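A quick write-up on the structure given underneath.
Nothing in this text is a laboratory measurement; each read-out follows from the coordinates by a stated rule. This is a predicted model, so every value here is computed, not measured. A quick note on method: Cβ atoms are made from the backbone with ideal geometry, for glycine too, and the neighbour counts reach across all protein chains shown.
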Amino acid sequence: MALTIQERIKDLRVERGLTLEQLAEQTGLSKSALGSYEADEYKDISHYALIKLAKFYGVTADYLLGLTETKNHPNAELADLRLSEAMIDLLKSGWIDTGLLCELAAHPDFVKLLADIQIYVEGNAATRIQNLNAWVDVARTEIVEKYQPGEHDKTAGVLQAAHVREGDYFISRVHDDIDAIMEDIQQYHCGRTQTGFRGSGELQGQPGGTTVDGILQADKVTL
């Protein structure tokens, strides 16, 4: 759930390890006013105090007012984000849960997940895997020529099984990466809601057809 204005202001102070007295000294705002901004009966904050606190904490005024969850990047240029046109259109469409997407991308192991995907997509490890398989083939050929094992010989079977399929190897790596990330996100995701997310896929053939509601509906049919 989104934090209230009072919670945001108090959390920022607590994160800095400041008392109300210390915050008053450093901002020039009165202790009583600062205390009122954090109180349950809070009603309003002056424009001056809002700007003062936003600058002091290095956050946006919109963040303090609960209008955005973005603390520090109110005017980030799209060019700096290096997003494709298709990605920008998708993010603006409302067809995906952008909050969940942010949780996924912000996870500390997301970089590893992308690295493993990139290695597979770009074929960077293909040569090494091919060399490994070639070495296994040479060893198997030498054993067959020297010992002439039977069709069901254990050693020959082990060498045959030692062949590595590039696709299987990286599917397993990516599977392990994403499983660990999903477990963490599920644990900390409770209570978060995504406003403006079109969760039902009203139009056939639109991206919304692959949303949560659409998938669950499809599962009911197949079950």
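Can you work out the FRET efficiency for the pair Leu65 and Ala33, with r the C-beta to C-beta distance and R0 = 22 Å, to the nearest 0.05? Display every interim value, and only then the final one.
Values: r = 17 Å, r/R0 = 0.75.
Approximately 0.85, to the nearest 0.05.
Do the alpha carbons of any pairs in Lys10/Lys43; Lys10/Lys92; Lys10/Lys55 sit beyond 20 Å of each other, and which pairs?
Table pairs above 20 Å Cα-Cα are Lys10/Lys92.
With each label point set 7 Å from Cα along the Cα-Cβ vector, what nm distance links Lys92 and Asp176?
About 4.1 nm, to one decimal.
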